[in-house]
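Report on the structure given below.
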Amino acid sequence: MDSTSILLEANDIPTQWYNIAADLPKPLAPPLGPDGQPAKVEQLAAIFPPAIIEQEMSRERWIAIPDEVREIYRLWRPSPLVRAVRLEKALGTPAKLFFKYEGVSPAGSHKPNSAVPQAYYNRQAGIRRLTTETGAGQWGSSIALAGQMFGLDVRIYMVRVSYEQKPYRRLMMQTWGGEVFASPSEMTETGRRALAADPDNPGSLGLAISEAVEEAASRADTNYSLGSVLNHVVLHQSVIGLEAKKQFDKIGLYPDVVIGPCGGGSSFGGIAFPFLGDKAAGDRRAANLRCIAVEPTSCPSLTKGTYAYDFGDASGFTPAMMMYTLGHDFVPPGIHAGGLRYHGASQLISMLYHEKLIEAIAVPQLATFEAGILFARQEGIIPAPESCHAIRAAIDEALECRETGEEKVILFNLTGHGHFDMSSFERFFAGKLEDYEYPQDAIGRSLANLPRFD
Ligand SMILES: *Cc1c(COP(=O)(O)O)cnc(C)c1O
């Protein structure tokens, strides 16, 4: 192979998203409303446009990508698939290591893949304003960008600690026209209650979601948008894996292992599901395919959580979904991979894990930074702390191949660059980053608060 980067043409951008709901071993359990009955479309219609609700429930295998969305995808898609030849050499592995690089988007991660269609469908439904939450700022900046492209006002509730620690992410949102508030805020009932209880509340993703949902539900011109977890977000992210499949076709290879970081699970599903679709269709190349979701040991939803009905937010405004969860009021330790600090995982990821069709592992923080720095020194790109989780797992797979002599093809999702996370690297270099123990007590306490519908 002459070049290490496998590029595609603009007209190779997929024209349809792949929906794994068509290929599940059994249907998903329905989301439940407060009365314990399956949530009704009208409840969702208060905060989502019809096209998104339809996608959320759809079991069609292929769903057309609107031309207006593909037009904007063209600003950075197709994203490169790169063979990490220098990293392979440094590891002395016979494995072939590939990464799909999603950091080429304007916001620097995979998140605009879903922000753009979400803004499009809301605009199409006559909505003028969107609310959302953001932790580390990746989703907030993506939706600010996408809202701007379709003429929507965007209001973002940003977890207070990040608001204070990540001024540049906040400024990106403001540059793209977004309005940003530190959460908990005085803008909502939820925020006011949290501040009354504790004026120094550092905020959490679950709390910020509650604020954004509360505002969207109370205004007819305003909808809510979520950056991960829900089925339609995972659907939109399938462009990652669909492109990667075309890129592997071009060089006549097929991955043995697909690895991605897993917060809510949208980017992991995005890269892995199109390959699992091959497996479901009986493609022999995918017969022994392994897909590995990688999470932090400090927020181990899949590997240490419970498979149960739980809310998507801290206050219980969202319908309850069947998923692996640490409990909706679990507040994870302040690790630096902000995008992985979510208490649950997508229903789709959760079911596939429960059915043993995918694997999950948890890795400690320091080992992820070590892997990310080795990667940066070999391949040049400075990865986001979230992406470092996938790099760690890919390196460990490659090192195992060094022992066994297997020439596995390993694909991992390089979900974003780390240019706005340099203070985390600074703390790592200064020896100030810690490995957080799996907080058994805290998880036990929050699991005691799972909703019961009896
Ligand atoms: C948000 C984020 C993630 C995790 O979110 P998922 O929905 O699990 O994909 C991973 N990497 C980066 C760079 C992110 O911004």
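Only helical runs count toward this figure. For the chain, summing -39,500 (n - 2.57) over DSSP H runs of n ≥ 4 and dividing by all residues gives -12000 deg cm²/dmol at 222 nm. Please name whichever of H389, G108, L207 sits farthest to the positive end of the charge dipole of the chain, dipole taken about the Cα centre and charges placed at Cβ: Lys and Arg +1, Asp and Glu -1. It is G108, whose Cα lies furthest towards the positive end. Which of the three applies to the chain, rounded, prolate or oblate, going by the alpha-carbon gyration tensor with a ≥ b ≥ c and a/c under 1.5 meaning rounded? Judged from the Cα gyration tensor, the chain comes out rounded (a/c under 1.5).
Computed from the C-beta positions of A45 and V85 and an R0 of 45 Å, the FRET efficiency is 0.35 to the nearest 0.05.
If a/c stays under 1.5 just call it rounded; otherwise compare a/b with b/c (prolate if a/b is bigger, oblate if not). Do that for region 279-368, with a ≥ b ≥ c from the square roots of the Cα gyration tensor eigenvalues.
The shape class here is oblate.
Could you tell me the relative contact order of the chain? Use alpha-carbon pairs under 8 Å, at least six residues apart, and round to a whole percent. Contact order relative to length: 19 percent.
Over 30 Å apart at the Cα level, from the set K100/K304; K89/K304; K40/K166; K250/K279, are K89/K304; K40/K166.
Can you grab the distance from the C-alpha centre of region 100-162 to the C-alpha centre of region 231-299, Å, no decimals? Here the two parts' Cα centres lie 23 Å apart.
Straight-line cross-link reach from K96 at under 20 Å between alpha-carbon atoms covers these aspartates and glutamates, not counting any fewer than eight positions away in the same chain: D2, E88, E243, D249, D256, E379, D396, E397, E400, E403, E406, E407.
How many Å² of accessible area per residue for the chain, probe 1.4 Å?
Numbers: 17450 Å² over 454 residues.
For the chain, the solvent-accessible area averages 38 Å² per residue.
Just the number, please: carbon plus sulfur as a percent of the accessible area of region 177-266, 1.4 Å probe, no ligands or DNA/RNA counted.
Values: 1450 of 2740 Å².
Answer for region 177-266 is 53 percent, counting heavy atoms of protein chains only.
Once neighbouring chains are kept in place and the probe is 1.4 Å, which whole percent of the accessible area of region 1-64 is contributed by carbon and sulfur?
Details: 1990 of 3680 Å².
Exposed carbon and sulfur together represent 54 percent of the surface.
Using a ≥ b ≥ c from the Cα gyration tensor of region 82-167 (square roots of the eigenvalues), is it rounded, prolate or oblate, where a/c under 1.5 gives rounded and otherwise the larger of a/b and b/c decides, a/b for prolate? Oblate is the answer for region 82-167, as a/c is 1.5 or above yet b/c matches or exceeds a/b. What FRET efficiency comes out for L399 versus A29 if R0 is 51 angstrom and r is the Cβ-Cβ distance? Round to the nearest 0.05. It comes to 0.85. Whole angstrom only: what separates the Cα centroid of region 300-369 from the Cα centroid of region 428-444? Going from one Cα centre to the other spans 17 Å.
Across all Cα pairs in region 219-298, the calculated P(r) in 10 Å bins from zero up to the longest distance comes to 18, 44, 25, 9, 4, 0 percent per bin.
The aspartates and glutamates within cross-link reach of K246, meaning a Cα-to-Cα straight distance under 14 Å and a gap of 8 or more places when in the same chain, are E9, D12, D278.
First compute the accessible area of region 304-358 with a 1.4 Å probe, then give the percent of it belonging to carbon and sulfur atoms.
Its accessible area is 54 percent carbon and sulfur atoms.
For region 164-208, report the translational diffusion coefficient in µm²/s to the nearest whole number, using Stokes-Einstein at 20 °C, 1.002 mPa s, and a Kirkwood Rh over Cα pairs.
Values: Rh = 11.4 Å.
Rounded to a whole number, D works out at 188 µm²/s.
Where does each of D200, D421 land when they are ordered by accessible area, with a 1.4 Å probe and the largest first? Intermediate results must be reported in sequence, preceding the final value.
Details: D200 125, D421 10 Å².
Of D200, D421, the descending order of accessible area is D200, D421.
The values are calculated or read from the model by the stated rules, or taken from the named source; none is laboratory data. For clarity, every value in this text was computed on a predicted model and none was experimentally measured. Because the Cβ atoms are built from the backbone with ideal geometry, glycine has one as well, and the counts that use them run over all protein chains shown. Ligands, DNA and RNA are stripped out before the accessible areas are found, and what is left, the full protein with its side chains, is counted by its heavy atoms. Shrake-Rupley method; radii C 1.70, N 1.55, O 1.52, S 1.80 Å.
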